[in-house]
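Since the structure comes first, as structure tokens, the remarks are kept for the end.
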Amino acid sequence: MQIPDEILTQTEKHAFALRSLFHSRGFERYEMSRFEEYELYSGNRDFLPDGGIITFTDSDGRLLALRPDVTLSIVKDTRQLAGGVRRVYYHENVYRRGGLSHEFSERPQCGVELIGSVGTHETGDIVALAADSLAALGLRGIIDISHVGFAAALLDGFGVTDAAKSALLTQIAAKNVPGLRGIAAEIALTDGQTDGAATLASLYGTLGETRGVLQSLVANEAMDGALGELIASVEIAERASPGADIRVDFSLSQDVNYYSGIVFQGAAEGLPVPVLSGGRYDGLLRRMGKPCGAIGFSVYIDELRRYEYA
Amino acid sequence: MLDVAIQKGRIGEDVYAILEKAGYGCADILSPSRKLVFEDEEHGVRYFWVRPSDVAIYVERGAADVGIAGSDVLAESRPNVYELLDLGVGKCRICVAAKSGFADPGGVLRVATKFTQIAKAYYAKRSREIDVIHLYGSIELAPLLGLSDVIVDLVETGNTLRENGLEVVETISDVSARLIANKISYKFKHAELTKLVSAVSERLGDA
């Protein structure tokens, strides 16, 4: 069967380009049903984006939901892995409130999950694959990367309340240095602590540009460990994908409940919102009784509709 | 080229004066005309005049790389943008005000305001149930006519309140103009944006 190119929509072409890439890297297609039991989501609310879930009652009385997310279904379906890794990719629609209009819509996502024995190498490879995905879509892209544990350990070292930490993280996420200094004054941080948090908020650049500053911020063992992981992952990713433009940016690390290590986001020039996001989520597996590692990312292919190819 | 959304009116003009001193001037921008877009290739900048409450929308959706918006608007609409500088102009306060000598009756408090999110968040923090009455203007009228118990509104000098027999009960937060940036522009135009931010913050130091 030959399919003429002109009958494919832009979104379909994008999806097929990604599926070809993922397949060529040894990932297997994962297909799933559109519906899941609501319980899967209600028990993992902090893993899901804000904004609710579309539910309905099946003929047998079970409460079902239109899938707001793909990763939870894949994790649920993953058996205990003895030392190995499971590599899957998906191309599915999800139903969630989102985008800039905050309304429910059906959104196609194409992504990968790597579950099992995940170390720095696997992490670096997935970050490289994220960069390659943007390239495969013909985008001039940037991958921004962060480590949730680094910012969290910096704030833990301040010995302040959870509410204060969360307020500081909000300012870091907005790169709002004046706002951050205001909060620091209210909760009586020292000048050194305030400057450290402000440096983290405004930091942006390649690993080469930011490495020295990051090392100077290290104040405890947890920060040292997190930074080591971040540096090693970026180095592996840069070797695996030599054209990749990877920048360190701590304004990403907001979702501390769910992500447990490296997090990253992909942006394309000319599109106002990120087109890719992912990270390590070992915590979710632990909570679902599967003590192993996991990392993945998803590409929001519908966001590319407005991309103007040169 | 940086696209800058700037609010129409006096605060926008004050902000433009800072940008001009920082090396981001644009010929003709202050000339009386109905033009909305002003470009200056030499300084690498293009300005749009927009409504104050629209600045954050232009920036969040990437129609402008940077913008200058009041912290009141940002607190109310919570756009997903970077907030890089406090420009220290357009200063005022968001306050709770009521008729002079107002005694809180307890129970559900009726609050008239344009800033419904700010009002809800403020009273939620104090575990106080409120009935929010969303108005678009002449907020001061509401308590005078018995439409509301209090108002949540911007207060600059307090003259409008006084002339209407109202007074400030509490201050919710201080307000000033902020330099905001689209999160993706920040990455792709990082060098240009960093230069703008540092040039502007040097000018603020002068003032």
Residues satisfying the stated conditions in the stretch B:148-207, i.e. closer than 21 Å to B:GLU20 by Cα and among the acidic types (Asp, Glu): B:GLU192, B:GLU202, B:ASP206
Taking the stated definitions as given, is B:ASP72 surrounded by 21 or more Cβ atoms within 10 Å (Cβ to Cβ), of a type in the set (D, E, K, R) and in contact (Cβ under 8 Å) with a residue 24 or more places away in the chain? yes
Condition check for B:LEU135: free of Cβ contacts under 8 Å to residues at least 60 places away in the same chain, over 16 Å from B:GLU167 (Cβ atoms) and over 14 Å from the mean Cα position of the chain (by Cα): yes
Output the residues belonging to the stretch A:26-51 that are of a type outside the set (A, V, I, L, M) and over 20 Å from A:PRO108 (Cβ atoms). A:GLY26, A:GLU37, A:TYR38, A:GLU39, A:SER42, A:GLY43, A:ASN44, A:ARG45, A:ASP46, A:PHE47, A:ASP50
From B:VAL132, B:VAL89, residue being of a type in the set (A, V, I, L, M, F, W, C) and either away from chain A (no Cβ under 14 Å) or surrounded by fewer than 17 Cβ atoms within 10 Å (Cβ to Cβ) (or both): B:VAL132
Looking at the stretch A:137-147, which of its residues are surrounded by 19 or more Cβ atoms within 10 Å (Cβ to Cβ) and either away from chain B (no Cβ under 14 Å) or without any contact (Cβ under 8 Å) to a residue 24 or more places away in the chain (or both)? A:LEU137, A:HIS147
Among the residues of the stretch A:185-195, count how many are within 24 Å of B:LYS183 (Cα to Cα) and either buried (at least 22 other Cβ atoms within 10 Å of the Cβ) or free of Cβ contacts under 8 Å to residues at least 12 places away in the same chain (or both). 1
Residue ID - nearest to A:ASN220 (Cα to Cα), chosen from residues in the stretch A:170-199 that are within 14 Å of chain B (Cβ to nearest Cβ) and among the aliphatic types (A, V, I, L, M): A:ALA198
Complete set of residues in the stretch B:136-185 that are away from chain A (no Cβ under 14 Å) and of a type in the set (D, E, K, R): B:GLU140, B:ASP149, B:ASP153, B:GLU156, B:ARG162, B:GLU163, B:GLU167, B:GLU170
Candidates A:ASP249, A:ASP282 - the one that is under 27 Å from A:VAL75 (Cβ atoms), at pLDDT 95 or above, within 14 Å of the chain's Cα centre (by Cα) and not basic (Lys, Arg): A:ASP249
Sole residue being within 18 Å of the chain's Cα centre (by Cα), assigned to a helix (DSSP H, G or I) and surrounded by 18 or more Cβ atoms within 10 Å (Cβ to Cβ), chosen from A:LEU200, A:LEU230: A:LEU230
More than 19 Å from B:SER173 (Cβ to Cβ) and in contact with a helix residue (DSSP H, G or I) (Cβ under 9 Å, 6 or more places away or on another chain): is that true of B:PHE102 in this structure? yes
Given the options A:TYR30, A:TYR89, A:TYR95, name the one that is in contact with a strand residue (DSSP E or B) (Cβ under 8 Å, 6 or more places away or on another chain), within 30 Å of B:ALA63 (Cα to Cα) and at pLDDT 85 or above. A:TYR95
Can you report the number of residues in the stretch B:25-69 which are farther than 25 Å from A:ALA268 by Cα and within 14 Å of chain A (Cβ to nearest Cβ)? 1
Any strands (runs of 3 or more DSSP E) falling wholly within the stretch B:133-199 and containing at least 1 residues that are in contact with a helix residue (DSSP H, G or I) (Cβ under 8 Å, 6 or more places away or on another chain) and within 21 Å of B:ALA63 (Cβ to Cβ): B:177-181
Considering only the stretch B:115-129, state which residues are surrounded by fewer than 19 Cβ atoms within 10 Å (Cβ to Cβ) and part of a loop (DSSP other than H, G, I, E, B). B:ARG126, B:SER127, B:ARG128, B:GLU129
The stretch B:146-158 residues that are over 8 Å from B:ALA112 (Cα atoms), paired with ones that are among the acidic types (Asp, Glu) (beta carbon under 7 Å, 6 or more apart): B:LEU154/B:ASP72
When you scan the stretch A:59-73, how many residues do you find that are of a type in the set (S, T, N, Q) and surrounded by 12 or more Cβ atoms within 10 Å (Cβ to Cβ)? 2
Within the stretch A:148-184, work out how many residues are touching a strand residue (DSSP E or B) at 6+ places or on another chain (Cβ under 7 Å) and without any contact (Cβ under 8 Å) to a residue 12 or more places away in the chain. 2
From the list A:PHE56, A:PHE47, A:PHE104, which residue is free of Cβ contacts under 8 Å to residues at least 12 places away in the same chain and either surrounded by 19 or more Cβ atoms within 10 Å (Cβ to Cβ) or touching a strand residue (DSSP E or B) at 6+ places or on another chain (Cβ under 9 Å) (or both)? A:PHE56
Scanning the stretch A:245-296 for residues that are away from chain B (no Cβ under 14 Å), surrounded by fewer than 24 Cβ atoms within 10 Å (Cβ to Cβ) and aliphatic (A, V, I, L, M) gives A:VAL256, A:LEU284, A:LEU285, A:MET288
Considering every residue within the stretch A:173-196, establish whether at least one is hydrophobic (A, V, I, L, M, F, W, C), within 25 Å of the chain's Cα centre (by Cα) and over 28 Å from A:TYR281 (Cβ atoms). yes
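The values are calculated or read from the model by the stated rules, or taken from the named source; none is laboratory data. Here the structure is a predicted model, which is why all the values come from computation and not from measurement. Here Cβ is always computed from backbone atoms with ideal geometry, including for glycine, and neighbour counts include all displayed protein chains.
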